[in-house]
Each structure stands twice: as C-alpha cells, then as structure tokens.
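One structure below.
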Amino acid sequence: MEEIYASPEEQLMLAKKMDEKFPSDFIYALDEGNIFCDVLGGTLKKPEYDFSLVMDHPIKNMEDLEKLEIPDPYMNKRMGTNLKSLKLISENIDKPLFVSLQGPFTLAVQLAGATGLLKATIILTL
C-alpha cells in the first residue's frame, strides 16, 4: 500500500483498474484515511498488504496539542504526493473524482484516542 501511496503513477494505474473492474459514475481515488494523522506525527503500523493503522495517540494534553504545526500540503512530501495523484487521476479519467477525507472528530480520535478525547470534552464542559 505504501508503495502505491508514494507514487502518483501507481495511483492512476490503480484508479484505472478499479474503474475497469468496478465501473461507476465517478472515480474513487485510493483512500488516504490516515494521511493527516501521519503528517501530524502519529505512529502508524503500515502492513504490507493492508491500510495503515494508528498505533498510538500523540496528544495527551493541551501542551501537546499546542505544539502541533499546521502542515503545508504544498511543502509536505506525503500531502504533495497525494495532491499530485489526485490531479493526475482527474486529468486522465473523464469522470467526477470522489475523494474521502477524515473529518475533525476522526482526526481528533486518532491523535488523542477516543478515551482521551472524551475526557478532554467532559473537562472542558465542566
């Protein structure tokens, strides 16, 4: 999976193959569900034949959260590769491009853990 994530050309090849095997009204790019967690310093397990999995939660307190820097998608290598892949796919397949991104609560759970996020939410509401 990581080899495909790292190559816009491989992602295009995969998108074309998926469209050939499972045609639809749109094209679905390879899901980069953990990209934000990875870029923000989360530790991921990257199995050879599966999607990456979040292994730890780097945010334990407000100080950890305040240390995070907002990544620049044009300067961050992994995010830049993902943008190039999406551009290449959209330029080479004449269908609407569907992209799945994680929302803020999914990312928060990945960074702080479900228990950590719930505890922080309860503390902030007291």
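If I filter region 1-51 down to residues being closer than 29 Å to LEU68 by Cβ and of a type in the set (D, E, K, R), which single residue comes out as modelled with the highest pLDDT? Ranking the qualifying residues of region 1-51, first place goes to LYS45. Pairs linking a residue in region 94-111 that is open to solvent by 60 Å² or more (accessible area, probe 1.4 Å) to a residue that is modelled with pLDDT under 90 and of a type in the set (D, E, K, R), with Cβ atoms under 9 Å and 6 or more positions apart or on different chains, are VAL99/ASP31; VAL99/GLU32; LEU101/GLU32. Among the residues that make up region 36-43, is at least one of them among the charged types (D, E, K, R), open to solvent by less than 50 Å² (accessible area, probe 1.4 Å) and assigned to a loop (DSSP other than H, G, I, E, B)? Scanning region 36-43, I find no residue that is among the charged types (D, E, K, R), open to solvent by less than 50 Å² (accessible area, probe 1.4 Å) and assigned to a loop (DSSP other than H, G, I, E, B), so the answer is no. Taking the criterion of being more than 20 Å from LEU118 (Cα to Cα), open to solvent by 40 Å² or more (accessible area, probe 1.4 Å), basic (Lys, Arg) and assigned to a loop (DSSP other than H, G, I, E, B), would at least one residue in region 50-69 satisfy it? No; the residues of region 50-69 include none that is more than 20 Å from LEU118 (Cα to Cα), open to solvent by 40 Å² or more (accessible area, probe 1.4 Å), basic (Lys, Arg) and assigned to a loop (DSSP other than H, G, I, E, B). Of all positions in region 77-88, none carries a residue that is crowded, with 16+ Cβ neighbours inside 10 Å, over 25 Å from LYS16 (Cα atoms) and in contact (Cβ under 8 Å) with a residue 12 or more places away in the chain.
The values are calculated or read from the model by the stated rules, or taken from the named source; none is laboratory data. On a predicted model such as this, the values are computed, not experimentally measured, just so you know. Positions of Cβ are backbone-derived with ideal geometry, glycine not excepted, and every protein chain shown enters the neighbour counts. The accessibility values were calculated without ligands, DNA or RNA, using every heavy atom of the protein model including side chains. Shrake-Rupley method; radii C 1.70, N 1.55, O 1.52, S 1.80 Å.
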